[in-house]
Amino acid sequence: MREIVIAGNWKMYKGLNEVLEFCAEIRAQLKGKELCGVLPILAPAYPFLAIMMKELEGTGVQIAAQNVSNHNEGAYTGEVSSAMLASLSIPYCIVGHSERRAYHSESDEIIREKIMALLTEEIKPILCIGENLDQRNKGETQRVIMEQLEGCLRNVTLYSPSDMMIAYEPIWAIGTGRTASGEQAQEVHRMIRKWLAIRYTDELADGIKILYGGSVKPENLERLLKMPDLDGGLIGGASLKADKYLKMIEIALDQVAGRNS
Ligand code: PGA
């Protein structure tokens with residue numbers, strides 16, 4: 001059975017004091033707690049990666065970077081390489097977020113290079129894909145998703161389902177309060193899994209975790225997690241408050257308990 005992932009994407013929010021306060025609340029609730037079948041992840045801004053790795057030790061929360069350079073090393077002022085992330089033992093990194101595609105002109109090819117750089121360092125990419133509202137309204141969702149998968153994963157070898165995750169994030173649902181219905185998300189998640197089975201193997205397609213992102217919050221998480229191909233959330237706004245983040249972990253734990261009973 002695939003684990004349920006509760007991944008918080010903090011984007012460009014929180015300074016040091018807020019980071020430390022959040023970590024203290026997480027430690028108080030999660031230290032020593034069994035998180036069977038649930039994988040919590042938090043992606044802070046670069047300056048806080050190492051601090052959070054240390055602050056959240058023993059809580060089960062894993063740390064992700066929000067971005068990485070497509071270059072290995074060199075005169076690239078302001079960039080951070082996959083080797084640098086690996087030297088901090090960062091296990092995950094978000095790539096291809098629609099905000100980076102939109103505001104930093106990231107193409108599928110650049111995202112593909114970033115994925116390659118991360119896999120070389122054994123960091124697991126969380127690859128974001130998703131259509132915009134115009135594309136959905138024109139019935140182009142499937143084409144857009146397939147093109148992004150083809151482009152971002154061209155010549156990318158995956159050995160195990162745990163090598164990477166995919167996050168389906170319809171752009172029209174990000175930060176808008178408008179969530180995809182469970183059925184809308186499920187339809188795309190199924191499509192992604194089918195594509196993975198053809199491109200890779202059935203085993204890889206069955207095991208890879210596919211997250212949904214776009215206005216996920218405690219109030220809608222339970223119904224989303226009922227979808228068979230939806231393995232958790234990549235959560236922006238609602239992950240910034242410790243109580244909401246912890247609530248979503250509880251909901252995921254209940255979901256796992258329900259499956260096992
Ligand atoms: P949101 O963001 O939960 O605030 O919609 C999701 C994301 O951008 O990953």
(request) Mind checking which of Met12, Leu221, Ser82 is farthest towards the positive end of the chain's charge dipole, using Cβ charges of +1 (Lys, Arg) and -1 (Asp, Glu) about the Cα centre? (result) Leu221
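Which pairs break 19 Å Cα to Cα here: Lys14/Lys244; Lys124/Lys241; Lys11/Lys244?
Lys124/Lys241
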(request) Report the label-to-label distance for Glu183 and Tyr103 in nanometres (one decimal), using points 7 Å from each Cα along the Cα→Cβ vector. (result) 3.5 nm
(request) Name the shape class, rounded, prolate or oblate, that the alpha-carbon gyration tensor gives for the chain, where a ≥ b ≥ c are the square roots of its eigenvalues, rounded holds for a/c under 1.5, and otherwise prolate holds if a/b is larger than b/c and oblate otherwise. (result) rounded
(request) For Ile51 and Lys226, compute 0.36 nm times the residue count separating them, minus their Cα-Cα distance, and round to one decimal in nm. (result) 59.5 nm
(request) Could you please state how large a percent of the accessible area of the chain is carbon and sulfur, counting protein chains only and using a 1.4 Å probe? (result) 49 percent
(message) With 20 Å as the cut-off, how large is the P(r) tail for segment 1-70, expressed as percent of Cα-Cα pairs?
(response) 27 percent
(message) Tell me which GluC sites (Glu not before Pro) from segment 15-101 have a DSSP coil assignment and no more than 14 other beta carbons within 10 Å of their own.
(response) Glu34, Glu57, Glu73, Glu79
(message) Can you show me the helix-derived [θ] at 222 nm for the chain, built from DSSP H runs with n ≥ 4 at -39,500 (n - 2.57) apiece and divided by the number of residues, rounded to the nearest 500.
(response) -13500 deg cm²/dmol
(message) Could you check the spin-label model distance between Lys14 and Glu147? Points 7 Å from the Cα along Cα→Cβ, value in nm.
(response) 3.5 nm
(request) Multiply the residue separation of Lys138 and Lys33 by 0.36 nm, subtract the distance between their alpha-carbon atoms, and state the gained length in nm to one decimal. (result) 33.1 nm
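Dipole magnitude of segment 4-260 about its Cα centre, charges +1 at Lys/Arg Cβ and -1 at Asp/Glu Cβ only, in debye to the nearest 20?
The calculation lands at about 420 debye.
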(request) Quick one: grab the alpha carbon gyration tensor of segment 82-136, order the square roots of its eigenvalues as a ≥ b ≥ c, and give me rounded if a/c is under 1.5, else prolate or oblate depending on whether a/b is larger than b/c. (result) prolate
(request) Excluding residues fewer than 8 places away in the same chain, name every one of the aspartates and glutamates whose C-alpha is closer than 12 Å to that of Lys217. (result) Asp243
(message) Taking the Cα centroid of segment 234-261 and of segment 1-43, what is the distance between the two, rounded to the nearest whole Å?
(response) 10 Å
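The values are calculated or read from the model by the stated rules, or taken from the named source; none is laboratory data. This one's a predicted model, so the numbers in the text were calculated from it and none came from an experiment. Glycine gets a Cβ as well: all are built from the backbone with ideal geometry, and neighbour counts include every protein chain shown. The protein model used for the area step is the full one, side chains on, heavy atoms only, and it has no ligands, DNA or RNA in it. Shrake-Rupley method; radii C 1.70, N 1.55, O 1.52, S 1.80 Å.
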